[in-house]
Structures are given as C-alpha cells and as structure tokens.
Amino acid sequence: MASLTSALALIAPVQAGLRFPCSTLTVQRLDPVVQPGSNPSAHVHHIVGGNAFNASMTGDVGARATCTTCQMAEDFSNYWTAQLYFKHPTNGSYKRVPVVPVQPLLGGSNGASGGLTVYYTQFDLSKDNLKQQKITAFQPGFRMTVGIPTETNKPHVGLRYQCLSGNNRGAEMPDFPTKPCSGGIFTTHHFPACWDGKNLDSPDHQSHMYNTIRSDGFTNAPACPSSHPIRVPQVTYETTWDTTQFNSLWKSGDPNPFVWSFEGTSGYGTHADYMFGWKGDALQRAMDKSECFYDGCGSIKKQAMTEANKCTVKDQVGEKVGETEWLEKLPGM
Ligand SMILES: *[C@@H]1O[C@H](CO)[C@@H](O)[C@H](O)[C@H]1NC(C)=O
Ligand SMILES: *[C@@H]1O[C@H](CO)[C@@H](O)[C@H](O)[C@H]1NC(C)=O
C-alpha cells in the first residue's frame, strides 16, 4: 500500500469522495424506479448492488438487504443502466455485450466480476472542499434517473462514451464510437448533485434533482440553485463493455452496430438509474470525511470482492437475455 500511495501522490495530492467496484448482480427486465411493480419492465438492464433489488422497492432498502455486490459493505444501493447489445450487421440477430471491471481501478477492482465502478464525489476528483459546502447524504427511499431513452437529437452533458485501446481511454464523446474499439466501449453516467430537499422521487424521476454541471468530466458542481438547495454527493457510474468478440464483425465503413436494450441506436438515449440503499448513516459518515483515498478514511466497512461476488438475486423474469445465444429480437421489443 505504501508504494501505491506514493505513486498516486505524483498524480494528485488528495483523493476525494468514494470510488469503488460493484460486481454484476443480475441482468434482467426489471426497473423498480421507472416501472415499479412491472415484471417484466420494458427493456433489459445491467444491475449491481444489494440483494433487496426487486420489481418494486419501497422504504429503507439498506435495512432490508443482507448482501451487496459492491466493495463498500454497508452500501446496499442498486445501480443500473440499460444493457448494451451487438446487432449482427448481416442477419440482424442480437447478442449481449459482456461487461468487464473498469481498469485501472486504483485501490483494486481485485476480483470484481463484470459490474461497474461507482463514484460519490464531493467537489471534483482530487478535492472535497468541505469548507465550501457540506455534502448531505441521500435518505431512505431516495431514487433518481439521468438521461432519456427516447432522446435522439440532443446529447446530454455528463453522459459519455470513450473508445478504449490498450491503456488509452480516448476522448469523451456524446455518441457511440464510429469504429471498432480494441479495448471495448467505456460509458460514463454522471448524475445531478442538487436536491430539492423534499422529494425522494418525482413523476419523471428527475425534477427533484438539478444539474449544475455544464461540462464533461469530474468537474466541480457549481453552487446549487434556490429551487434545489441541498448539495448531495455527485454519483457517477463507469462501465466497460467488452466488445472484443464483435469487433471483427464490424466492417470498415459500416455504421455502429451496438444498440442499447431499448433498440436504441442513438447514443444520446443512454440513461442510468439510482436507488439509494446505504445502511444507517454510513454514506453521511464517508461524505463528512476530508481528503481520503476514495474510501471514507476507514469510516465505512469494505469487503473483499470474493465476498461481494457471492451476493445474488433470483432471475424473476425467466427469459433469455442473449448472454451466450443470439436472439432474433431484443427482450420486450
Ligand atoms: C420481491 O417482491 C416479491 C413480491 O412482492 C416478494 O415476494 C419477494 O420476497 C421480494 N424479494 C425480495 C428480495 O425483496
Ligand atoms: C446470425 O449470425 C450468427 C453468427 O454467425 C448466428 O449464430 C445466428 O444464428 C444468425 N442468426 C440468424 C437469425 O440466422
């Protein structure tokens, strides 16, 4: 650890907030935020986090769940995005694009199985600026989404794609890459960081939140407006979609063959869902800590990813989602 810490010191003097891996929990057609109670929901999701995940989720998730696929052992939240598929350019069949842990994950994605990396930042990647503003943790029952599946015209700030090649992540782009990416496709979903302080949800699952971010990357969120005065952690997901088995099928000059599970061929429709589920005041404890190496200075418990990987939920939909087999149509489409 000493050598890792000193190597990092060269990159940034301070690391703020939380960053940790969560293994894949399940891939199925459930969406307790947008379509609570529906089994199945409209399209397939890639889901990580606690085992209270269900078609409908109310109340204190952190009190109900008993395990989590996340490294932070008190985090029973669920995090999900649409699932990415490859659409065969000649016969139109679909296959699910596997996910692999985000690399490099300093501090260790050690043994994560698929999944995504979650961030809770206080200011930006290297500073917390707690003197400027307190960060208030979400409350039980809180949920939100970012992005709109039907969007095809306008890119959404904070929702980005990168074309991976070796250790190079390449530029952040608002839409799918236009050529095969030897290291896969990297997606980032930044959520808004200002809350109205009253509503745990809203009819569109977005208007109880306000996005002050106007540029890409882990930039500082400016002060929150009076309509949404409470500064909450800025939540971000990073996912690496392993496209290697499909890259040779993408012939030069052909259009992008990757589609989101809602038949989304425009990259602008990417979106993500968040269901808060930290146990007790664990997230607040971490957010009150200053200048830590991404883990709340030991204020919250971690578990080995081998332990996290044992956490599972039942497949409640019971349909093929294209993991190994080719599908003639996307589930639900
Ligand atoms: C999911 O919901 C069903 C129906 O309400 C319930 O029977 C089941 O116990 C729930 N599962 C979990 C893991 O909460
Ligand atoms: C499409 O091509 C794949 C790969 O060659 C094949 O496995 C699949 O069965 C084909 N689908 C149809 C509908 O022919």
Of the candidates Thr90, Thr68, the one satisfying the condition of being β-branched (Val, Ile, Thr) and within 16 Å of ligand 2 (Cβ to nearest atom) is Thr90
Looking only at segment 298-323, filter to residues that are farther than 19 Å from Pro21 by Cβ and either in contact (Cβ under 8 Å) with a residue 60 or more places away in the chain or outside any loop (DSSP other than H, G, I, E, B) (or both); which one of those is nearest to ligand 1 (Cβ to nearest atom)? Gln316
Surrounded by fewer than 18 Cβ atoms within 10 Å (Cβ to Cβ) and among the acidic types (Asp, Glu), is that true of Asp128? no
Scanning segment 269-297 residue by residue, those modelled with pLDDT of 95 or more, part of a loop (DSSP other than H, G, I, E, B) and in contact with an Asp or Glu (Cβ under 8 Å, 6 or more places away or on another chain) turn out to be Gly277, Lys279, Gly280
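For segment 288-319, what are the residues that are closer than 30 Å to Phe262 by Cα and under 23 Å from the mean Cα position of the chain (by Cα)?
Across segment 288-319, the qualifying residues are Ala308, Asn309, Lys310, Cys311, Thr312, Val313, Lys314, Asp315, Gln316, Val317.
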Residues that are closer than 26 Å to Ile135 by Cα and polar (S, T, N, Q): find the strands (runs of 3 or more DSSP E) completely inside segment 15-117 holding 1 or more of those. 78-82
Would you tally the residues in segment 266-287 being of a type in the set (D, E, K, R) and touching a Lys or Arg at 6+ places or on another chain (Cβ under 8 Å)? 1
What are the residues in segment 57-73 that are in contact (Cβ under 8 Å) with a residue 60 or more places away in the chain, on the phi < 0 side of the Ramachandran plot and surrounded by fewer than 24 Cβ atoms within 10 Å (Cβ to Cβ), if any? Met57, Thr58, Asp60, Gly62, Ala63, Ala65, Cys67, Ala73
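Select, from Pro101, Pro177, the only residue that is at negative phi, touching a Ser or Thr at 6+ places or on another chain (Cβ under 7 Å) and more than 16 Å from ligand 1 (Cβ to nearest atom). Reasoning before the result, please.
On the way: Pro177 fails: touching a Ser or Thr at 6+ places or on another chain (Cβ under 7 Å).
It is Pro101.
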Restricting to segment 274-322, give me the number of residues that are in contact with a Cys (Cβ under 6 Å, 6 or more places away or on another chain) and of a type in the set (S, T, N, Q). 0
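For residues in segment 118-154 being part of a strand (DSSP E or B) and of a type outside the set (Phe, Trp, Tyr), which is modelled with the lowest pLDDT?
If we filter segment 118-154 for residues that are part of a strand (DSSP E or B), which is where we start, we get 118-121, 143-146.
Applying the additional criterion that residues be of a type outside the set (Phe, Trp, Tyr) yields 118, 121, 143-146.
Details: Val118: 95, Thr121: 89, Arg143: 98, Met144: 98, Thr145: 98, Val146: 97.
Here the residue is Thr121.
The values are calculated or read from the model by the stated rules, or taken from the named source; none is laboratory data. Just so it is clear, the structure is predicted and the values come from calculations on it, not from any experiment. Note that we place each Cβ from the backbone using ideal geometry, even for glycine, and neighbour counts take in every protein chain shown.
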